[in-house]
Amino acid sequence: MHRAILLVALAGVGCGTFKTAPAEARRATPRVHGIVLPGAPPTGDVFMDYIAYDRAHGRVWVPAGNTGSVDVLDATSDRVVRIEGFSTAEIERHGTKRTVGPSSVTVGDGVVYVGNRGDSSVCAIDAAALKKLGCVKLDAAPDGLAYVAAMHEVWVTTPRDKSIHIVDVARPDALAAKGRIRFEGEPEGFAVDDTRGLFYTNLEDADRTLVIDVKTHEIIHTWMPACGSDGPRGLALDEHLDFLFVACTDHVVVLDAGHDGKHLSSVVTGPGLDNIDYVARRRELFAAASRAATLTVARVDAHGTLTAVAVVPTAPGARNAVATEEGTAFLTDSPEGKILVVSPATNR
């Protein structure tokens, strides 16, 4: 399987499917190393999706799916603490059986929230003590989670039932289902603007990006990212510049959120793009393309022009990067049961 993916990635390079970074940026030679997750089976496969970086504690949170655990990685020392005891379940999709479990995470105010496909739950964990607090069961399996600080809520995308479930997290030891927003499409990706009280998500199957008022739950704008038939995936936001970054499957589009979603620029990343991350202090976007086996680091200017400043070889299947303020990126490498760590690709 790895060989096939690698051939696709090499073919993409030969066809020019993604931009090469400027020569001055390419002179940087980032170091890439892998950290094997403690619960990884002998085959190496650990089903990972959304991970998150807790800036307050300098930790990367990794829901490790079929291992039934959440692994917490110290971003400085690479030390991993395993939080066990999460439910798993066997499912069948497209004729293939697989074990699912914790798969998504979002960082709140001193609390981290974990979504679990194994039992359709959302659980709170003390971010400092790494102890479980309260949990709540939903009637649909969670996909992505986003903490909405202004409302003391966690919004949970559930694309299979075309909705977002809202969880009241005012008391982390007593989470409660609070409501649901339904759509005419499958929500995918998320970004929160707490300053303006807005929530962004995509409709993957309709190639739309939605802007939702977090108080009224009304869709106040619908934008066209023009990702094509595969639809948009992840989202990231620069609140100060009011730029919204929309990940398509092989490129990222910049929309002007302050001017009705006007297209400002785009950068090609290579195929296999899913979730993305953005570090506002660096004005840098981190986009890991699993089929291209590359991490693209792109910088945005005050006019919304996004330019690739580094393209780092990673591994087939590596995706869903998160990044620290210093520019260190962490990627999921599910086929090998690892987290890949990429040292800063650019100097600031």
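The values are calculated or read from the model by the stated rules, or taken from the named source; none is laboratory data. Since we're looking at a predicted model, the values are computed, not measured. Quick reminder, even Gly has a Cβ in these numbers, built from the backbone with ideal geometry, and neighbours come from all protein chains shown.
Observations on the model:
- The numbered conditions (1) at positive phi; (2) without any contact (Cβ under 8 Å) to a residue 12 or more places away in the chain are all true for Glu218 except (1).
- Any hit, the stretch 69-81, residues being small (Gly, Ala, Ser), over 24 Å from Thr324 (Cβ atoms) and in contact (Cβ under 8 Å) with a residue 24 or more places away in the chain: no
- Whenever a residue of the stretch 45-67 is under 20 Å from Gly110 (Cβ atoms), its partners that are charged (D, E, K, R) and surrounded by 23 or more Cβ atoms within 10 Å (Cβ to Cβ), lying with C-beta atoms within less than 6 angstrom and at least six residues away or across chains, give the pairs Val62/Asp71.
- Complete set of residues in the stretch 327-348 that are within 18 Å of Ile276 (Cβ to Cβ) and of a type in the set (D, E, K, R): Asp333
Okay, residues lined up against (1) among the hydrophobic types (A, V, I, L, M, F, W, C); (2) crowded, with 16+ Cβ neighbours inside 10 Å:
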| site | (1), (2) |
| --- | --- |
| Thr29 | no, no |
| His33 | no, no |
| Val60 | yes, yes |
| Thr99 | no, yes |
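- Qualifying residue in the stretch 190-200 (condition: assigned to a loop (DSSP other than H, G, I, E, B), surrounded by 23 or more Cβ atoms within 10 Å (Cβ to Cβ) and in contact (Cβ under 8 Å) with a residue 40 or more places away in the chain): no
- Some residue of the stretch 173-185 being touching a residue at least 40 places away in the same chain (Cβ under 8 Å), surrounded by 19 or more Cβ atoms within 10 Å (Cβ to Cβ) and under 30 Å from Glu84 (Cα atoms): yes
- Only listed residue being assigned by TED's automatic domain parsing to the domain that holds Val246, surrounded by 24 or more Cβ atoms within 10 Å (Cβ to Cβ), touching a residue at least 40 places away in the same chain (Cβ under 8 Å) and among the polar types (S, T, N, Q), chosen from Thr332, Thr305: Thr332
- Subset of the stretch 241-274 (residues that are in contact with a His (Cβ under 9 Å, 6 or more places away or on another chain) and under 15 Å from Phe286 (Cα atoms)): Val253, Val254, Ser266, Val267, Val268, Thr269, Gly270, Leu273
- Scanning the stretch 82-103 for residues that are in contact with a strand residue (DSSP E or B) (Cβ under 7 Å, 6 or more places away or on another chain), assigned to a strand (DSSP E or B) and farther than 30 Å from Glu326 by Cα gives Ala89, Glu90, Ile91, Lys97, Arg98, Thr99, Val100.
- Filtering the stretch 185-202 to residues that are more than 16 Å from the chain's Cα centre (by Cα) and either over 19 Å from Gly144 (Cβ atoms) or of a type in the set (A, V, I, L, M) (or both) leaves Thr195, Arg196, Gly197, Leu198.
- Residue within the stretch 83-97 that is touching a Pro at 6+ places or on another chain (Cβ under 7 Å), more than 23 Å from Ala191 (Cβ to Cβ) and not assigned by TED's automatic domain parsing to the domain that holds Leu340 present: yes
- Within the stretch 62-89, the residues that satisfy the criterion of being of a type in the set (A, V, I, L, M, F, W, C) and surrounded by 14 or more Cβ atoms within 10 Å (Cβ to Cβ) are Val62, Ala64, Val70, Val72, Leu73, Ala75, Val80, Ile83, Phe86, Ala89.
- Checking Leu203 against (1) buried (at least 21 other Cβ atoms within 10 Å of the Cβ); (2) under 18 Å from Thr307 (Cα atoms); (3) not aromatic (Phe, Trp, Tyr), the condition it does not meet: (2)
- For the stretch 214-263, the strands (runs of 3 or more DSSP E) that sit wholly inside it and include 2 or more residues that are buried (at least 22 other Cβ atoms within 10 Å of the Cβ) are 235-238, 243-247, 251-256.
- Of all residues in the stretch 105-164, exactly one satisfies the criterion of being among the hydroxyl-bearing types (Ser, Thr, Tyr) and in a loop (DSSP other than H, G, I, E, B), namely Ser120.
- Members of the stretch 305-326 that are hydroxyl-bearing (Ser, Thr, Tyr) and within 14 Å of Thr294 (Cα to Cα): Thr314
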